[in-house]
1. Every residue in the range 33-69 that is polar (S, T, N, Q) and in contact with a strand residue (DSSP E or B) (Cβ under 7 Å, 6 or more places away or on another chain), please.
2. Are there any pairs with C-beta distances below 8 angstrom linking a residue in the range 3-14 that is closer than 17 Å to ALA55 by Cα and β-branched (Val, Ile, Thr) to a residue that is outside any helix (DSSP H, G or I) and open to solvent by 90 Å² or more (accessible area, probe 1.4 Å), with the two at least 6 apart or on different chains, and if so which?
3. Counting only residues that are part of a helix (DSSP H, G or I) and within 30 Å of SER1 (Cβ to Cβ), which one in the range 116-141 is most open to solvent (accessible area, probe 1.4 Å)?
4. Please go through the range 185-228 and give me each residue that is under 22 Å from CYS244 (Cβ atoms), among the small types (Gly, Ala, Ser) and without any contact (Cβ under 8 Å) to a residue 60 or more places away in the chain, ordered by number.
5. From the list LYS200, LYS214, LYS205, which one is closer than 22 Å to LEU153 by Cβ and of a type in the set (Lys, Arg)?
6. Keeping to the range 232-268, report how many residues are part of a loop (DSSP other than H, G, I, E, B), surrounded by fewer than 16 Cβ atoms within 10 Å (Cβ to Cβ) and in contact with a Phe, Trp or Tyr (Cβ under 8 Å, 6 or more places away or on another chain).
7. Pick from ILE47, ILE13, ILE27: which is of a type in the set (A, V, I, L, M, F, W, C) and under 19 Å from the mean Cα position of the chain (by Cα)?
8. Would it be correct to say that LYS29 is outside any helix (DSSP H, G or I) and modelled with pLDDT of 95 or more?
Amino acid sequence: SCHSNRQFDDQVILGKICFDVLNQDIIKKPHSDEFCGVFVDGRDRDIRSYEDYAAFKSFKLFSDKDYPILAFINKNVLASDRFLDKQTISDSRIFCFPIEPLNSLDEYTSFCVKRLYNLIPNDFQRGLFFQPDGFLIKSGWESFIKEGNYEFLGAKWIHSPSIETFVGGRWVNTLSFATRACNGGFSYRYIPRFKAVSEKYGNLKMREAGTENKIPPEDLFFGYHIFGESYPNLPYLPNLDKFCLDPIELKEYNDKTSFGFHCPKKVNEWKSATY
């Protein structure tokens with residue numbers, strides 16, 4: 001496990017989800033590049049836990065077709081063969097991109113904001129981003145995305161953060177906007193839009209509003225600008241719930257109320273404050 005530091009009851013739920021996925025067989029499907037999976041992990045860790053294998057397998061198991069996976073992995077991990085295994089990488093159409101180590105959330109954010117979308121080949125426009133504690137649990141997500149013509153989907157936040165940009169010697173909320181979308185742990189992203197936002201805003205001096213110059217996390221950076229530029233096209237909040245729950249409780253997982261999840265918990269202590 002790569003999540004042994006979490007509460008035991010929460011580990012049990014994540015373990016059940018993982019082993020449910022790992023105990024299913026993948027049916028052979030036609031190849032397609034209409035979507036791709038995206039996995040980013042710049043930490044110096046052994047990426048061979050059961051959660052890692054379940055995350056990658058879930059994308060193959062619950063997708064309509066056999067889409068490629070783009071894996072952006074710490075170069076030291078790849079060099080020491082600590083990323084999955086060669087057979088899984090080959091069978092699963094996983095393409096590895098070595099990246100410099102990312103040792104903090106700020107470094108991860110900087111990589112995603114300034115570099116990631118220029119590293120993704122132009123052939124890929126629709127990406128499903130997943131992590132070892134956030135991935136698919138049922139099929140049908142492609143139709144849901146295409147019918148809604150979404151650019152960014154993830155779990156909603158219970159708060160409404162915003163961003164301030166340093167302009168003319170002072171901090172300004174330039175879009176006069178606050179957003180409740182989206183958590184990026186498990187998320188869908190329309191890659192050309194993300195690349196455009198990265199190029200337009202990625203080099204500006206910003207902070208999360210209400211903080212002492214805290215760098216905005218990458219999901220807030222993109223959510224603020226994508227939805228702030230196209231307001232009121234923020235996805236209807238219940239549609240975010242249909243796509244991803246964060247956290248997800250065991251009953252919600254068993255009922256498959258969403259296509260994916262991020263961070264399962266025995267008790268969602270924030271549920272009463274979600275709307």
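1. At the first step, the residues of the range 33-69 found to be polar (S, T, N, Q) are 49, 58, 63.
Result: SER58, single match.
2. Final answer for the pair search is VAL12/LYS266; ILE13/LYS266.
3. Here is the first cut: in the range 116-141, the ones part of a helix (DSSP H, G or I) are 116-119, 141.
Among the residues that remain, those that are also within 30 Å of SER1 (Cβ to Cβ) are: 116, 119, 141.
Values: LEU116: 0, LEU119: 60, TRP141: 0 Å².
The extreme case among them is LEU119.
4. Within the range 185-228, SER187, GLY228 meet the criteria.
5. It is LYS200.
6. 1
7. Working: ILE13 fails: under 19 Å from the mean Cα position of the chain (by Cα); ILE27 fails: under 19 Å from the mean Cα position of the chain (by Cα).
Every option except ILE47 fails the conditions.
8. For LYS29, the condition - outside any helix (DSSP H, G or I) and modelled with pLDDT of 95 or more - is met.
The values are calculated or read from the model by the stated rules, or taken from the named source; none is laboratory data. Fair warning: this is a prediction, and the values are worked out from it, not measured in the lab. Quick reminder, even Gly has a Cβ in these numbers, built from the backbone with ideal geometry, and neighbours come from all protein chains shown. Only protein heavy atoms, including side chains, enter the accessible area calculation; ligands, DNA and RNA are left aside. Shrake-Rupley method; radii C 1.70, N 1.55, O 1.52, S 1.80 Å.
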